[in-house]
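A.B. asks: I'd like to ask some things about the structure below.
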Amino acid sequence: MLEALLLMFFSSPVVMVPPLSAPAACRRCCDPVGPAEGSGDQTAMPEFSHIPEVRTYINMTILKGDKGDRGDRGTPGKGGEQGLPGSIGPTGPQGSKGQAGLPGEPCKVQYSAFSVGRRKSLHTQDAYQTVIFDTVFVNLHEHFDMFEGKFLCSVAGIYFFNVNIHTWNFKETYLHIMQNHTERAIIYAQPSDRSIMQSQSLMLELELGDEVWLRLYKRERENAIYSDDVDVYITFSGYLVTPK
């Protein structure tokens, strides 16, 4: 048994292990480089030690939160300067003819006219007396009041008026054409042994509600106008020239 062990010990290969070297000294990158290979200086070069750079990395996908609510709309900004006008574009094609529209309302034309007469003579009993008429020739829309003897303006505008009277022998004739309470024109004839026809006409601008009428005016002398049942000697007419 002993011989066998000895035989195995001496027949095994011998492995030479080099002695452990001393640890190399630390060297900075700014230290001078040692002598070149083959020079007389055999200064040992220390080995460089390398320290790895550590960088922090943050995974942003892990820190991302939920989507927030939409904010309020901001105030609109100021408008920019107006640009230059563009060039005129080409003329487009002619369109097709449209359909005819519905017929419109008829043109509304305003009228106002009257013509009245008196078949009886009239003597003044008071200082002022309205001339009343008893005969109608024209009274459009009843604008002339036969009971009051006055024309009532229902269409504002310019009117033409005319008065014809017959004087009485040896009596004075004194009438006014009145607009409301204002004298606008006079018809006058002195007493004479011969009766004559007198006429007066004028144009007046009337507003709605104005009244036009005839008024006898008595002074020191008796004032009268003549007419009879056969012929009409006294007439009063008026019509609208143009509405406002």
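The values are calculated or read from the model by the stated rules, or taken from the named source; none is laboratory data. Since the structure is predicted, the reported quantities are computational estimates derived from the model, not experimental observations. Note: accessible area is taken over every heavy atom of the protein model, side chains too, but ligands, DNA and RNA are not part of it. Shrake-Rupley method; radii C 1.70, N 1.55, O 1.52, S 1.80 Å.
A.B. asks: Taking all protein chains as present, what is the carbon and sulfur share of the accessible area of segment 113-243, in % to the nearest whole number, probe 1.4 Å?
C.D. replies: Summing carbon and sulfur atoms, their accessible area is 48 percent of the total for segment 113-243.
A.B. asks: Now for a separate question. Using a/c under 1.5 as the rounded threshold, could you call segment 113-243 rounded, prolate or oblate? The axes a ≥ b ≥ c are square roots of the C-alpha gyration tensor eigenvalues, and prolate needs a/b larger than b/c, oblate otherwise.
C.D. replies: prolate
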